[in-house]
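Notes follow once the structure below has been shown.
Taken together, the values in this text are just the output of simple stated rules run on the coordinates, not laboratory data. These numbers were taken from a predicted model, which means no experiment stands behind them. So basically every Cβ, Gly included, is an ideal-geometry build from the backbone, and we count neighbours across all protein chains shown.
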Amino acid sequence: MFPRAQRSNAPPPAAEESTIAMATTLSLSFLSLLLLISTASAATPPPPPPRCPFDLSYVRTIPWDTSLCEQTDGRHCCQTLLSLFGIGIAQHLRETSLFQLPDANASAACLADFRTHLSAISIDPSFVPLCFSDPNQFVSNASSCVGVISTADWIQRVGPLTPLDSACRGDVSGLTRCSSCLDAGLKVNSQLTNVQANATSKCFYFTCLYAVAMVSELGPLDAKTSGCILALPLKSSATSGKKGNHGKVVGLVLGIIGGVAALVVAALLFVVLCRKRKKRKHAEASHEEFVSSFKSAVLPNSGAKWFQSGELEKATNGFSQRNFLGKGAYGVVYKGVLSDGSFIAVKEMHDPESLRDEEFSNEVEIISKIRHRNLLSLRGCCVTSDIFRGRRRFLVYDYMSNGSLGDHLASDHTRRQLTWPHRKNIILDVAKGLAYLHHGIKPAIYHRDIKANNILLDKEMKAKVADFGLAKQSSEGQSHLTTRVAGTHGYLAPEYALYGQLTEKSDVYSFGVVILEVISGRKVIDTSSASYLLITDWAWMLLKSGKMEEIYDEAIRDEGAKGVMERFVLVGMLCAHAMVAFRPTIADALKMLEGDIDIPKLPDRPLPLSHESFRQPAKASSHSGSSSVSERY
């Protein structure tokens, strides 16, 4: 038995040594792995705690009224804390162009700092989580207010200029200035809520932030500015010296007087707002009546399409600056793209209140009936009311890709690209368009503002006469006398500028000036010297002195047949004659240009139109002749 008890399962000596060596190797490997892990952990420090992107130390220095937050019940303190915290958000907006904080960590860090600074001035820090139960309310979110995240989004929604820019600048601490600023804020808020009706409260907060951060020169850290725009309650100014009972009584009396005065002002503001609301409702009701009657009475007879305002908003990318083409005396023009891919030019009329509904209806009816390849036709129109902008009127035309003739004549570079065939065809196209207005429809239409800026060029450089905003329809027995002289100085016929006598020959005179302008490449009025010179007088002097070729633009002198170019100059001189009786009709002028009839001998001219007797009245009775994209449509 003993021998059996001495038996053992232990490995032989060689195997035992091998097992020990393997165990040792595994132990060393495990220790090395632990060492690597601990080294890596030591090399990668933990991320720093999130920091607030703005400094809240102003909580301790700005003179805000802490009395509401010194009470046990913190519910009355919440609005004050929201205004106080809003100063930091506004300062962040001023520095980064972002309306809210980037993420939840930043929001939590700012609220933690907020609590610390409140605690330092003996305000219960527990009010912060009580008032801001949702810390994410300050985190950037596209759904907060119609997609507004940055100031770029803001400008896209409301435009670069709003009522805030005039009402909220400078010192707004006075009651009148502050009321004007807040009223402007309500208007902008109304514009935003038209886009998204349920965004009222947040959008108004954004409006206040924008006003105090981006509009006010003083900025959100100015106590009086934040006191008005962010409604931050401020401490009343302390009187110097010792305060006895007399001082307390005086303070109480002043407080009562101030309270009564505030109530009176509030009552007056309420009355004014009620009157404004009543007036606006009345205006909207009459406008809706006009729109209804306009659609039923005018559109069926005109052929013009009725565009919805939302359709034009979408086509022009919200009437953005990127789509802006220009503005002039009669409106602002934007480029647009309809849902079918066609390009349009949308003209928003200036000061629609000055143009009566009947006048606008008549204008649309006249313009929409015009259908000719050399006249820019009206595609449609839109009339709408907007709480923020009031009544708005739009005219919609085809977009002309090559701009206006005035654009091409404006500089040496673009003018040299106009070949003689281009210029010749443009003049003929304008003559054909005018001939249709004068003789192709009944009753005839007088354009009254023929000029290079109102001649548009399509992609094939075909010319179309545009801007019938001044068009006047003639009628049988009409005396052709008008009390309103319209047009551009330099192109105006003298009898129209001086006496308001309007006939078809008034357009013929302007057309003659355009011919000379196109062929010579000169400005209609040369102001290089003290005594300015009209292009008609300049051309007449060269013609009489036998220097006809000097009238031709140097860029085309070797391009065209001299006989044809001379014929065009002579027709231009005849059309732009100072005496009405010597001017041809536009139909005869077209025949002369095409060589179908002979050109009569040019009659002598009376006093040059640059003479003092012609200068002053024309200046006084016409609007500026400055270039304008708006005047082309």
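Net charge around K424, counting only other residues with Cβ within less than 11 Å of its Cβ (Lys, Arg = +1; Asp, Glu = -1)?
Here the count lands on -1.
Compare the peptides 334-340, 225-231 by average per-residue count of other Cβ atoms within 10 angstrom and give them in order, highest first.
225-231, 334-340
Going from the fewest other Cβ atoms within 10 Å to the most, the residues W538, W306 appear in the order W306, W538.
The local environment of L434, defined by Cβ-Cβ distances under 11 Å, has a net charge of -2 under the rule Lys, Arg +1 and Asp, Glu -1.
Find out how many positive minus negative residues lie around P135, taking Lys and Arg as positive, Asp and Glu as negative, among other residues whose Cβ is under 14 Å from that of P135.
-2
Sorting R373, R423, R415 by the number of Cβ atoms found within 10 Å of their own Cβ, with the fewest placed first, yields R373, R415, R423. Among R60, R94, a tally of other beta-carbon atoms within 10 Å of each Cβ gives an order, fewest to most, of R60, R94.
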